[in-house]
Amino acid sequence: MLRAGRSIVLAVGLAFGAFAAPNASATTLAELTVEQMTDASTYIVRGTVGEVWTSVDERGFVWPHAELAGPDVFKGPDTPKVLVVETPGGITPDGQVTQVHAAARFSTGEDVLVFLDSIRGGTSLTPVSMFLGKYNVRRAPGEDASYLMRWHGKPLEKYDGRFLPHPEPASRIGLDQLIGQVEARLQVGWDGAPIPGIAPEKLQVVNAPERRIR
């Protein structure tokens, strides 16, 4: 267990958060297509973040947790009333710190669309490809259509997803457009192509026809 104030910095593996030794500092992510993220996901859901809290595992790594109540499920083995998303890296109330660059961040009240991978032997869910698997659903003042954005800030800076600056219109991703891509991929199904960081056996399981809810 880490003492208060001590910090661990983690390196992130190619796509799904395979951690290297403490004190490493590099971050490498695979930029996946929407189709690859759809194939790689155990769950794809949209929901509003409720409670957010942290825990510390047996290695002393800090894990923030975010609760999604009543999520709208596009893909998954079931339609749960609550999903809990875990992300590596954060700070506990007593000052224990794990820094993970490129980890997704969550805050109470934000509307999110997330592509989730199962980890820890299937007992936990975390965004596919770190922050790249989490989208904030936003609507700019005076506009009717919602759009999506990704946010990658500093690991330990204060974060509230409801008050992020709106990007320029040209750099926004349309919510309906991306959902259309996801649904089109779910209709077709996984094509058998490999995806960095995830075993083919797992891809076969998470892409069984009955998991394509939409």
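Filtered by the rule that a residue be surrounded by fewer than 12 Cβ atoms within 10 Å (Cβ to Cβ) and within 21 Å of the chain's Cα centre (by Cα), region 180-199 gives Pro194, Ala199.
Do we have Pro64 as within 13 Å of the chain's Cα centre (by Cα) and closer than 14 Å to Lys154 by Cα here? Before the answer, list the steps.
Values: within 13 Å of the chain's Cα centre (by Cα): yes; closer than 14 Å to Lys154 by Cα: no.
It is false that Pro64 is within 13 Å of the chain's Cα centre (by Cα) and closer than 14 Å to Lys154 by Cα.
Can you confirm whether Leu10 is crowded, with 23+ Cβ neighbours inside 10 Å, modelled with pLDDT under 90 and farther than 26 Å from Ala208 by Cα? So Leu10 fits the description; yes. Taken across region 118-140, residues that are more than 13 Å from Ser41 (Cβ to Cβ), among the aliphatic types (A, V, I, L, M) and in a loop (DSSP other than H, G, I, E, B) do occur, with at least one present. Could you please let me know if Tyr147 is under 17 Å from Val34 (Cβ atoms), aromatic (Phe, Trp, Tyr) and free of Cβ contacts under 8 Å to residues at least 40 places away in the same chain? Yes.
Can you say whether Asp78 is farther than 29 Å from Gln181 by Cβ, surrounded by fewer than 18 Cβ atoms within 10 Å (Cβ to Cβ) and either out of contact with any strand residue (DSSP E or B) (no Cβ under 9 Å at 6 or more places or on another chain) or without any contact (Cβ under 8 Å) to a residue 24 or more places away in the chain (or both), as far as the supplied structure shows? No; evaluated as a whole, the condition is false for this residue.
The values are calculated or read from the model by the stated rules, or taken from the named source; none is laboratory data. Note that the structure is a prediction, hence the values are computed from the model and not measured. Cβ coordinates were reconstructed from backbone atoms using ideal geometry, including for glycine residues, and neighbour counts include every protein chain displayed.
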